[in-house]
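First comes the structure, then the notes that go with it.
The values are calculated or read from the model by the stated rules, or taken from the named source; none is laboratory data. All figures in this text were calculated on a predicted structure; none of them were measured in a lab. Cβ placement follows ideal geometry from the backbone for every residue including glycine, while neighbour counts extend to all protein chains displayed.
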Amino acid sequence: MSTNYTEIFVPQQLQSVKAASTAALTVTYSIPSNGNPPRLTNAGAKAALSLDDFSPSAYDRVLIKDQSSAYQNGIYRVLEPGDSGTNWVLERSRDFNSAPQVIPGLYFTVEQGTKHAGDIIVVKGPRISEFGVSDINFKSADEDANLAEGNLFVGNSSGVAAAVDFSTDAQIGVGDGTTFNSVAMSGEGQIDNAGAFTLSNKTIAGLKVNSQTNNADDPGVQVAWRVRSSGGGSENIDITVPFDVMIDDFHGAMRAAGDTSDTVRLINGTSTNFITDSVDLNIAAHAAFSASVYDDTHKDVSAAATLRVAITDNSGSDLGALDATIIAWRDD
């Protein structure tokens, strides 16, 4: 029998954009009377739209991030690319067109451009209060540091140095609030929730995740754990929760058929603080299961507590293998 689990911070990723602005555009910002999203219309000399030396086509998705009136910043789609006789026109993308959709930490990639091709762009905080009035700001994830491929740094409350020089690939820079030290990496590592990290390689140009304080009424950050059991009998899979969470969902699927009376349930701790009712696993291979009863008393799990997935082979006939996912909201 073998088990393992993986802790996952659910990616908050938007669809990529073709290109991003590098300077403020001369525009007219307007809100159509027919209910369509707000628009930016070229108010300068008529010409084809050009962003970072790239010429977008109609319906391309683009980022406008450098407006002096920062409420105009955002993700747009090209309605009219423009030419020497026609003004270009952009319309806000419908997935980034209201205050609840503008979430600090959301990120996306840029496909084209001299400066920004390959960049990961992150939505900066704080959360906006009123769409079309509050400033919307973005940041390139790797603009704080010059990193060779495979390098990683851990941020701190004083921020990240403007330039960090790692002379050897696969080294880690650890900040102490003032300086960075370069340390060789080996074996397994862990980054706690208080830090931030940037990765750079041939696939990802750069990614930085900053810790943030949520508003009291903010639902927080979604977290998930994936659990896998190879089957063969009863077992407990224990997860040490790194911060306060509220359990939201528990579901999964059998990789091999279950038997009569075999069950799985989620427990806060290692005893009888049952978060979910027992879920019947007498189902076929590849069939899905989901918990339907959640105990409000026990679904809040404290930092450093044990979250247990209890798998019970009541049939005595070798319970089948299963995969399960626990969804929670960070609640600290």
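Brief remarks on what is shown
- Lone qualifier among Val78, Val133 - being farther than 14 Å from Gln15 by Cβ, out of contact with any Lys or Arg (no Cβ under 7 Å at 6 or more places or on another chain), surrounded by fewer than 20 Cβ atoms within 10 Å (Cβ to Cβ) and among the β-branched types (Val, Ile, Thr): Val133
- Selected residue (criterion: farthest from Arg92 (Cα to Cα)) from residues of segment 23-40 that are surrounded by fewer than 17 Cβ atoms within 10 Å (Cβ to Cβ) and in contact (Cβ under 8 Å) with a residue 24 or more places away in the chain: Ala23
- Checked against the criteria, Leu281 does not count as under 13 Å from Ala328 (Cα atoms) and either in contact with a Cys (Cβ under 8 Å, 6 or more places away or on another chain) or not acidic (Asp, Glu) (or both).
- Residues satisfying the stated conditions in segment 257-279, i.e. at pLDDT below 85, surrounded by fewer than 18 Cβ atoms within 10 Å (Cβ to Cβ) and either within 20 Å of Asn236 (Cβ to Cβ) or in contact with a Phe, Trp or Tyr (Cβ under 9 Å, 6 or more places away or on another chain) (or both): Asp259, Ser261
- Residue tally, condition out of contact with any Leu (no Cβ under 7 Å at 6 or more places or on another chain) and part of a strand (DSSP E or B), over segment 269-282: 3
- Against the test of being within 23 Å of Lys139 (Cβ to Cβ) and in a loop (DSSP other than H, G, I, E, B), the options Pro37, Pro104, Pro32 yield a single qualifying residue, Pro104.
- Residue match in segment 41-52 (condition: modelled with pLDDT under 95 and loosely packed, with under 13 Cβ neighbours inside 10 Å): no
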